[in-house]
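Report on the following structure.
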Amino acid sequence: MKYSKEPELTGRIVLPENPQYNAARQDFNTFFDKFPLVIVFAQETQDVINAVKWARYNHVPIRMRSGGHNYEALSVINAGIVIDVSEMNRVKEIDRKCNTVTVQTGIRNIALYNALWSERMVVPSGVCATPGIAGVTLGGGHSILSRQWGLTLDNLLELEMVDADGQVICANANHHSDLFWASRGGGGGNFGICTTFRFRTHHIDTVGFAEIIWSLNDLESVLPIWERYTLPGTDKRLTPTLTIFSGEQSLILMQGVFLGSVKELRHLLQPLLRAGSPQNVTIEEMSWIDAATRIADSQPQSPLPFKSVGPYVYNLLPNKGIETIRHFVNEPPTSSVSVFFHGLGGEVAKVSSTATAYFQRGALSNMSIFSTWDKSEDASLGIRWVEDFRKAMLPFTRYVYVNTQDLSIRDWPHVYYGGNFHRLTKVKAKYDPQNVFRFPQSIPPSSEC
């Protein structure tokens, strides 16, 4: 790219000498400690355009960030520019007639839920409170409403993106449809910097909320029953989750949101209520926003050091698979480990694995293996535990959720993208042929264009 003069950086600019630099460079995973050359907190799309052009002019590597929740902190880089859209977090338009909402891509999960609640509308987004909507959507978007209304990306109607030349592209089903296809499951950061999304919304008010707690001793009784709620033909009005905690606290927690009456929900959950010996049971009607907040509160709330990865479960786990889980949760090497199962199927599975770049449509659930630690010297133990656990589960799992990137995975093109990878490289070659937006495990441009 040729410029008559150096493009100017605009927005809120944070440099290493600024007092706020250390806070600005920190991602959610505090295990990583990176030192960017400059961090640009964009306030509008023009700031993103200017930052891309400045980076190209100065030959500075680019990373983009919305919520800062990349598991390997790939949204920050040493000696490069971080283009951060987290302060572009407005709801720009709610179209009540068409049931759509247009938002800037820095808005976070719980903020989007709260912003739409007064309209009794919802976009099915993530479970955790603070990830940015950009990363959630571009990689997939598993929510507590997934079985009912699909992935977050299934509700995306249009996006605005700044490309590697600093040009603004609008992509939807009719314009730049190849980019729109790739952006729904291709993962964040590969093709450009998204600044605006337009989503389909759904009407929501009160919901049935379920929460059941068991002792960790009940794992073998509870997990096989819970898994049956993710099978084809089961009531898709319930999206169930199951978290197995071990370490500082040891318990099993089931949570779910049901789009139906509490009476129906209680009947639906009878097999789970008879599994093991539940220690605490909550099945009640509550507002959607209260249920979403309660579920978010069970997830990590503040930045912390961790290692995590999310393989998919395609078939009911055999006894050997459950024995493997038991073995690892019985030997937590750090202060806290967990396994989080997120029920899928339902509307997620009704979409072809090639209709969007998100390939794992046939999975029954996603299984997130997680470790955190209080002492820095325990980091290697936590990381090794997650990696050994993932490998031990390979006979019982397939693929990995791209929003849980793991740099130790060597065959990541197949693991993240399955049969869609080659098509993704062709889209990359068309929209970023010089591979400006690159990082470890980023999609490379195909040699064919």
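The values are calculated or read from the model by the stated rules, or taken from the named source; none is laboratory data. Because the structure is a prediction, the values reported are computed rather than measured. Cβ coordinates were reconstructed from backbone atoms using ideal geometry, including for glycine residues, and neighbour counts include every protein chain displayed.
Side notes on the structure shown:
- Some residue of the range 226-249 being of a type in the set (A, V, I, L, M, F, W, C), at pLDDT 95 or above, over 24 Å from the mean Cα position of the chain (by Cα) and closer than 30 Å to N99 by Cβ: no
- So I225, is it touching a strand residue (DSSP E or B) at 6+ places or on another chain (Cβ under 9 Å), among the β-branched types (V, I, T) and outside any loop (DSSP other than H, G, I, E, B): no
- For first residues located in the range 318-339 and on the phi < 0 side of the Ramachandran plot, partners that are of a type in the set (V, I, T) and lie 6+ apart or on another chain with Cβ distances below 6 Å form the pairs V329/I244; S336/T372; S338/T243; V339/I244; V339/I369.
The rows are residues; the columns are (1) surrounded by fewer than 16 Cβ atoms within 10 Å (Cβ to Cβ); (2) touching a residue at least 12 places away in the same chain (Cβ under 8 Å); (3) not in a strand (DSSP E or B).
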residue	(1), (2), (3)
K5	yes, no, yes
E17	yes, no, yes
D47	no, yes, yes
K53	no, yes, yes
G68	no, yes, yes
E72	no, yes, yes
N78	yes, yes, yes
V82	no, yes, no
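- Of the residues S221, S215, S246, the single one that is surrounded by 17 or more Cβ atoms within 10 Å (Cβ to Cβ) and of a type outside the set (A, V, I, L, M) is S246.
- Scanning the range 130-155 for residues that are touching a residue at least 60 places away in the same chain (Cβ under 8 Å), of a type in the set (S, T, Y) and buried (at least 24 other Cβ atoms within 10 Å of the Cβ) gives T137, S143, S146.
- Total residues in the range 246-301 satisfying the condition of being of a type outside the set (A, V, I, L, M), part of a helix (DSSP H, G or I) and touching a strand residue (DSSP E or B) at 6+ places or on another chain (Cβ under 6 Å): the figure is 2.
Conditions tested, residue by residue: (1) aromatic (F, W, Y); (2) in contact with a Gly (Cβ under 9 Å, 6 or more places away or on another chain); (3) assigned by TED's automatic domain parsing to the domain that holds M161.
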| residue | (1), (2), (3) |
| --- | --- |
| D47 | no, yes, no |
| N50 | no, yes, no |
| A55 | no, yes, no |
| H59 | no, no, no |
| I62 | no, yes, no |
| G80 | no, no, no |
| C98 | no, no, yes |
| V101 | no, no, yes |
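- Members of the range 36-56 that are touching a Pro at 6+ places or on another chain (Cβ under 7 Å) and of a type outside the set (S, T, N, Q): K53, W54
- Hey, L231 more than 22 Å from R294 (Cβ to Cβ) and out of contact with any strand residue (DSSP E or B) (no Cβ under 9 Å at 6 or more places or on another chain) or not: yes
- Within the range 333-348, not a single residue is surrounded by fewer than 22 Cβ atoms within 10 Å (Cβ to Cβ), of a type in the set (S, T, Y) and closer than 21 Å to K236 by Cβ.
- Test: I169 is within 30 Å of Y229 (Cβ to Cβ) and aliphatic (A, V, I, L, M): no
- Scanning the range 209-227 for residues that are in contact with a Pro (Cβ under 7 Å, 6 or more places away or on another chain) and either within 15 Å of M367 (Cα to Cα) or not hydrophobic (A, V, I, L, M, F, W, C) (or both) turns up just one, W226.
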